[in-house]
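Student: Here it is, the structure, as structure tokens.
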Amino acid sequence: MRIGKSRMLRISGLAAAAVLAVTGCSTGGSAQTTAAGNNQVPPTASAGELRDHALNSLQGKTAAFVPVGMGTPLMEEWNRQLERGFKAAGMNYVLRDPNWDTAKQAEAVQSLINEKPAVLVVHNFDVQILAKLIQQAQQAGIYVIQINMVSNYKSDAFVGADTIDLGRRIATDIVAQCGANTPTSHEVQIVQGDATSGFTLDVMAGAKQVFDQHPEIKIVSTQAANWDRTKAHDITATVIQQHPNLCASWGFWDQMQYGSAAAIKEAGKLGQVKVFTSDHSNIACEGVRDGMFFQSYGYSVPTQGTDIVAIAKYLVQSGQAPGTARIADYTPLVKIDKSNWNQPNMCYDGKNDGLTVR
């Protein structure tokens, strides 16, 4: 779900305010005792002095983004929002694309630590691969913001979906379609992303809370397709042969899960097998429109980009040391189905503002 500009600004403002509140508590200082010598503005500063501080703190500083790999609407939209927001703030913007290679991602982060940008935004392949590098970056004086997939090491900020709640919501919806009071097999397939990613682990944790209360739900397959559409297709093609009465297939990302939907369509089972996923790129809306997806959950991807920029600008202006505080900004979840897939700004394509899939 892409939301309007006024709501974006409101949420970004709330994100910055949340950072202010949390960091104020963590440092133990009050506004009246904050020292201007720590690159902070005294409470008696004039409007002009506040403006000069903000602009001068950001001007010429560098923000860098290391995704897992470009080429999908999700990564393209994050990159688009970050580039636009940081450049508008007078900052330099750097993108390092590892092209879905874990070793190259670690190399890119290490190289950036040596270059010392002011802010580093990372999208973790899994909970461990960047953990030590994130810590090294903060020790080198770099603010680190993680996006949508959290690491075992928590940095200055995390911006993304509340994936535990996402797992609970989708599991609840699956129970409604395949649970005890439905004339179905109650059989469910789960297609994970990377089995050790923060996204997968937290979604599964949320889902478990629901499924544990519904023993009638039979999870007949839980396999990782590593965010790959072809792997999701091949896994699902085998599962549907083994379980022709399958009730639901749940894949953790619309880009990947479209492969599962294609396998189900090839087997002539669309409609019988309800396909669940998450994200709200044009892939999701087109999938719902065409009957490939039963539903998806969006998590406000364009807003994630604007929130990251807002939080980064606060951190750079604050003068606090990287690692002083750890906060999370969870973006809104919105269910997308036949009732609303074509509403304005419901989905994004990574290229345009105001996208409406028709």
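Student: Normalised by the residues of region 222-269, what does the relative contact order come to in percent, with Cα pairs under 8 Å and at least six apart?
Tutor: 49 percent
Student: State, to one decimal in nm², a quarter of the convex hull surface area for the C-alpha atoms of region 94-215, i.e. the direction-averaged projected area.
Tutor: The orientation-averaged projected area of the Cα hull of region 94-215 comes to 8.3 nm².
Student: Between region 77-130 and region 171-221, what's the alpha-carbon centroid distance in Å?
Tutor: 33 Å
Student: Counting Lys +1, Arg +1, Asp -1, Glu -1, what net charge surrounds GLU115 among other residues with beta carbon under 14 Å of its beta carbon? Show your work: numbers first, answer last.
Tutor: Numbers: positive: LYS61, ARG96, LYS116; negative: GLU107.
With Lys, Arg at +1 and Asp, Glu at -1, the neighbours total +2.
Student: Along each of its three principal axes, how wide is the spread of alpha-carbon positions in region 111-178, in whole angstrom units, largest first?
Tutor: Cα spread of region 111-178 along its principal axes, largest to smallest: 52, 18, 15 Å.
Student: Leaving out same-chain residues fewer than 8 places away, which aspartates and glutamates sit with a Cα under 18 Å from that of LYS269?
Tutor: Those aspartates and glutamates meeting the cut-off are GLU187, ASP234, ASP290.
Student: Mind checking which lysines have their Cα closer than 25 Å to the Cα of LYS313? Skip sequence neighbours fewer than 8 apart in that chain.
Tutor: By straight Cα distance, LYS313 reaches LYS5, LYS61, LYS87, LYS116, LYS132, LYS154, LYS351.
Student: Within a Cβ distance under 11 Å of GLY323, other residues only, what is the Lys/Arg minus Asp/Glu net charge?
Tutor: On the way: positive: LYS154, ARG326; negative: ASP156.
Once positives and negatives cancel, what remains is +1.
Student: I'd like the carbon and sulfur percentage of the solvent accessible area for the chain, probe radius 1.4 Å, heavy atoms only, ligands and nucleic acids excluded.
Tutor: 50 percent
Student: Taking only DSSP H segments of four or more residues, each worth -39500 (n - 2.57), what value at 222 nm results for the chain once the sum is divided by all its residues, to the nearest 500 deg cm²/dmol? Don't skip to the end; give the middle numbers.
Tutor: Numbers: 11 runs with 157 residues, N = 358.
Using -39500 (n - 2.57) per qualifying helix, the result is -14000 deg cm²/dmol.
Student: May I ask you to list the chymotrypsin sites (Phe, Trp or Tyr not before Pro) in region 105-210 that are in a DSSP loop and have at most 14 other Cβ atoms within 10 Å of their Cβ?
Tutor: In loop regions of region 105-210 (DSSP not H, G, I, E or B), there are no sparsely surrounded chymotrypsin sites (Phe, Trp or Tyr not before Pro).
Student: For the chain, report the accessible area per residue in Å² (1.4 Å probe, heavy atoms, rounded to an integer).
Tutor: That works out to 41 Å² for each residue.
Student: Using Cα atoms only, what is the angle between the long axis of helix 229-242 and the major principal axis of the chain, expressed in degrees (0 to 90) to the nearest 10?
Tutor: So the inclination is approximately 30 degrees.
Student: Can you give the Rg to Rh ratio of region 189-327, both from alpha-carbon atoms, with Rh computed by the Kirkwood formula?
Tutor: Ratio value, two decimals: 1.09.
Student: Test of understanding: what is the full-extension gain from ASN226 to GLU107, defined as 0.36 nm times their sequence separation minus their Cα-Cα distance?
Tutor: Details: separation 119, 0.36 × 119 = 42.84 nm, distance 2.07 nm.
Full-extension gain reported as 40.8 nm.
Student: Select from region 65-173 those trypsin sites (Lys or Arg not before Pro) which occupy a DSSP coil region and have at most 11 other Cβ atoms within 10 Å, ordered by residue number.
Tutor: Numbers: sites: ARG80, ARG84, LYS87, ARG96, LYS104, LYS132, LYS154, ARG168, ARG169; in loops: ARG96, LYS154.
Filter output for region 65-173: empty list.
Student: Then there is this: Assign one of three labels to region 198-266, namely rounded, prolate or oblate, based on the Cα gyration tensor with a ≥ b ≥ c the square roots of its eigenvalues; rounded applies when a/c is under 1.5, prolate when it is not and a/b is larger than b/c, and oblate otherwise.
Tutor: Because a/c hits 1.5 or more and a/b fails to exceed b/c, region 198-266 counts as oblate.
Student: To the nearest 10 square angstrom, what accessible area does THR182 show with a 1.4 Å probe?
Tutor: 30 Å²
Student: Report the Rg/Rh value for the chain, based on alpha-carbon coordinates and the Kirkwood definition of Rh.
Tutor: Numbers: Rg = 21.6 Å, Rh = 21.3 Å.
Result: Rg/Rh = 1.02.
Student: Right, another one. D for region 221-300, whole µm²/s, Stokes-Einstein with Kirkwood Rh over alpha-carbon pairs at 20 °C and 1.002 mPa s: what number?
Tutor: 178 µm²/s
The values are calculated or read from the model by the stated rules, or taken from the named source; none is laboratory data. This is a predicted model, so every value here is computed, not measured. No Cβ is skipped: glycine too gets one built from the backbone with ideal geometry, and neighbour counts run over all protein chains shown. All accessible areas refer to the heavy atoms of the entire protein, side chains included, with ligands and DNA or RNA removed. Shrake-Rupley method; radii C 1.70, N 1.55, O 1.52, S 1.80 Å.
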